[in-house]
Each structure stands twice: as structure tokens, then as C-alpha cells.
Amino acid sequence: MSLQIIPAIDLKGGRCVRLSQGQKETATIYDDDPVSVAKTFELAGAQIIHIVDLDAAFNGRESTNRSVVQKIAGKVSVPIQFGGGVRTLIDVSDLINSGVSRVILGTLATESIESLRELLEEFGSQICVGIDARDGVVMTHGWNASTNMSPSDFAVAVAKLGVERIIYTDTVRDGMLTGPNIKQTIAIARESQLKVTASGGISSLDDIKSLCEANEPLLDSVIVGKALYEKRFSLQDALPLCEQ
């Protein structure tokens, strides 16, 4: 099965960092030059780059990291998918105009179905929904607030509106290098019939092989972050594993 490997850049204060379980006090700084990191990923063969504005995710408003995203978009030729603090139609429009190919909605999607519907009508497949879950419920506001929705129920609901893709993150595993939650990721894909990008916990090439071997066509991509920065494996090693 073909599986797209998507390297991640998490921005905090204009620098590349990684968190453990989304807790901002756990930030480890890996690089002061996100543009260079993005170029390195592109040269290694990445077909798309995942960027998150952590400052905006925590604060709920645009941060100075947006200018960094614009610089990255101007320097790489591969698509960028971006999330973090995207709360309005103007946010989405500005991001797409600045070169972002796909915008990830999390908190906004949980709080206003009507806004999500409007954005889908305006931007179509350039909108995807991030479903971040802990202990069986969807988390919002930088993973600091919980809802009363299960990930599967939420996925089914957004599918009915016309969402084509979700990014599913098991927040307990994110940044912990403990392996992805393959069972839950596949369950969400099958229940919603949406394309799913797996996120959270990738620690080794074996984890990527396991996702490929799950052989679920709707599970077509995986985000890799900390394992790359910690040099558990290289993007060059990962990319050929699941190409067909």
C-alpha cells in the first residue's frame, strides 16, 4: 500500500520545536531556521510539509509565526498544509493567499458547524479537519479543552458536510515516540469513509511499516515529527518504504 510520509514543522517563537503530548512547557527547540528545515525536507523528497503554529493554537489568534509560514511557502515548491489558531474565514483566505495549499481546522470545526460549512463551500478540498483526541474525546484550544464528542462521531459529522480529509492525532502518543494508534485511526477512517492522515507517536521505520501493512486504503498518509528531529531515522529512509 502506498503511504505518503509528511514531515512536520512545529513553530513556537519562530523556531522549530517539538512538544510532548502537546504540553507547551515541554518544548524542545531543534532549529532556529524553519525555512532551512523546510528546504531540507523538500530536498530529501517530501511531497508535502505539515506546519503547525503552536503559539496561535494556544492563544487562539494569529501569531508572528504566520510570517515564517509565508517565507517557507515562498522558498519551497511542494505543498504546505497548515494548522494552529485558524479561527475565521479571513484567516483561511489569508493563509491560502500566502501560499498554503491545505488549511487544517480544529477548534473552529468543533465550535461552529456553520462556519465549517461556509469554508467548505468557499475552499473545498483545501480545507481539512484536525481531530485531536485524548481518552476517547475530541480536544480543542491547543489540546487544553475537552468536548463531549468522540473522534468517530465527529468524523462522521464533518464527513456529512463535505470534508474530504481528517488528520487524526492521539494526543497521548504525540511526541512520545511510543508508536501510532493504528487501531483507532483505522476505525475512524472506516466509520467516516474519509481519507485519514495518521499523526502522533511515530518512533521508527517499523511504525511506518505497520501502518502500510494495515492495508487500509483510506489511511493514506502519516505525519512524522520528533523521530526525524531525534534522528531515529531519516526521511530518505522512510519515503521508499510504502511506495508502490
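Nothing in this text is a laboratory measurement; each read-out follows from the coordinates by a stated rule. Remember, predicted model here, so these are calculated numbers, not experimental data. Cβ: placed from backbone, ideal geometry, glycine included. Neighbour counts: every protein chain shown.
Quick notes on this structure:
- If the segment from GLN236 to SER115 were pulled out straight at 0.36 nm per residue, it would be longer than the present Cα-Cα gap by 39.6 nm.
- Length gained on full extension, SER150 to THR178, computed as 0.36 nm times the residue gap minus the Cα-Cα distance: 7.9 nm.
- Gyration tensor (alpha-carbon) shape descriptor, region 142-244, a/c threshold 1.5: oblate
- By the rule of a C-alpha distance below 16 Å, with chain neighbours fewer than 8 residues away ignored, the lysines paired with LYS183 are LYS195, LYS209.
- For GluC sites (Glu not before Pro), the sites in region 172-244 that DSSP calls loop and that have at most 15 other Cβ atoms within 10 Å are GLU230, GLU243.
- For the chain, the cysteines with no partner cysteine C-beta closer than 4.7 Å are CYS16, CYS128.
- Pair SER67, ASN97: separation of 7 Å Cα→Cβ label points (nm): 1.8
- J(HN,Hα) series, region 52-69, from Karplus relation 6.51 cos²θ - 1.76 cosθ + 1.60, nearest Hz, glycine and proline x: 10, 8, 5, 4, 5, 4, 6, 8, x, 8, 4, 10, 5, 5, 4, 5, 5, 4
- Length-normalised contact order for the chain - Cα pairs under 8 Å, 6+ apart - percent: 21
- Report summary: the helix-based calculation at 222 nm, which adds -39500 (n - 2.57) for every DSSP H run with n ≥ 4 and divides by the residues of the chain, gives -10500 deg cm²/dmol.
- Which labelled figure in (i) 1.28; (ii) 1.03; (iii) 0.91 is Cα Rg over 2.2 N^0.38 Å, once derived from the coordinates: (iii)
- Here region 16-134 carries DSSP beta bridges of which approximately 30% are antiparallel, counting only pairs with both residues inside.
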